[in-house]
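First up is the structure itself, then whatever we jot down about it.
The values are calculated or read from the model by the stated rules, or taken from the named source; none is laboratory data. Computed from a prediction, not measured in an experiment: that's the story for all the values here. Neighbour counts run over all protein chains shown; Cβ positions are idealised from the backbone, glycine included. These area figures cover heavy atoms from the full protein model, side chains too; ligands, DNA and RNA do not enter into them. Shrake-Rupley method; radii C 1.70, N 1.55, O 1.52, S 1.80 Å.
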Amino acid sequence: LGINSIDVHLGGSERDGVAQVLKLIPRSDIFLVTKIDKPPNDMTDPLAAAELVRTTVATEWPLLGVEMVDVLLLKDSASCDVMQAQWAVLEELLAQGKTRALGTYNYCQFSIDCILATAITPPALNYIMRHVGMGIDDTDLIRYGDARGI
């Protein structure tokens, strides 16, 4: 196929299309990145947010046709407690061998600090959108992450 890396959003037609491709090639030949979507804005209960991650993985990964991913990213929430609870579940998945690395998706400095306050495993990366039209790191987010090993 000429590809060796796939970044997939879970749910819907994108997931289903990637699942079809993954049937054609050995899983070991693909570096697979996916992410846990933001919880609903009104979800403030950390236990419910943690269960949302477990349910997402239990439902979506079989539909994708995988038992593990190479990188699992977490999207942010308005609640620090929710992010910390969800991160703890990602750390469980890492310990279980369900992912090789953990990261964050478009986290700001507040959200990074929130995760780092309780994380056993810090994010390996903060996946942020950058393109030439954005210019230099005007928000200082790249330097901020670099200073924290992210």
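Looking at region 20-31, is at least one residue closer than 30 Å to Ala147 by Cβ and aliphatic (A, V, I, L, M)? No: region 20-31 contains no residue that is closer than 30 Å to Ala147 by Cβ and aliphatic (A, V, I, L, M). Considering every residue within region 73-82, establish whether at least one is part of a helix (DSSP H, G or I) and surrounded by 19 or more Cβ atoms within 10 Å (Cβ to Cβ). Yes; the residues of region 73-82 include at least one that is part of a helix (DSSP H, G or I) and surrounded by 19 or more Cβ atoms within 10 Å (Cβ to Cβ). Check whether at least one residue in region 129-141 is modelled with pLDDT of 95 or more, among the acidic types (Asp, Glu) and at negative phi, and report yes or no. For region 129-141, residues modelled with pLDDT of 95 or more, among the acidic types (Asp, Glu) and at negative phi: absent. In region 53-64 there is no residue that is under 19 Å from Gly149 (Cα atoms) and of a type in the set (Asp, Glu). Is it true that some residue in region 33-49 is basic (Lys, Arg) and in contact with a strand residue (DSSP E or B) (Cβ under 6 Å, 6 or more places away or on another chain)? Yes, region 33-49 has at least one match. Pairs are defined by a Cβ separation below 8 Å, a sequence spacing of at least 6 or placement on different chains, a first member in region 74-87 that is more than 10 Å from Ile36 (Cβ to Cβ), and a second member that is modelled with pLDDT under 95 and among the aliphatic types (A, V, I, L, M); the pairs so defined are Ser77/Met43; Ser79/Met43; Val82/Met43.
Of all residues in region 32-44 being charged (D, E, K, R) and closer than 24 Å to Ala19 by Cβ, which is least open to solvent (accessible area, probe 1.4 Å)? Before you say what the answer is, go through the steps one by one.
In the first step, residues of region 32-44 are kept if they are charged (D, E, K, R); the result is 35, 37-38, 42.
After this cut, where a residue has to be closer than 24 Å to Ala19 by Cβ as well, the list is 35, 37-38.
Working: Lys35: 3, Asp37: 77, Lys38: 116 Å².
Within region 32-44, the match that is least open to solvent (accessible area, probe 1.4 Å) is Lys35.
Look at Arg143 and say whether it is among the basic types (Lys, Arg), free of Cβ contacts under 8 Å to residues at least 12 places away in the same chain and open to solvent by 20 Å² or more (accessible area, probe 1.4 Å). So Arg143 fits the description; yes. Does Tyr105 qualify as being farther than 26 Å from Leu47 by Cα and of a type in the set (Phe, Trp, Tyr)? It is false that Tyr105 is farther than 26 Å from Leu47 by Cα and of a type in the set (Phe, Trp, Tyr). Just one residue in the set Leu52, Leu47 is open to solvent by 70 Å² or more (accessible area, probe 1.4 Å) and assigned to a helix (DSSP H, G or I); that residue is Leu47.
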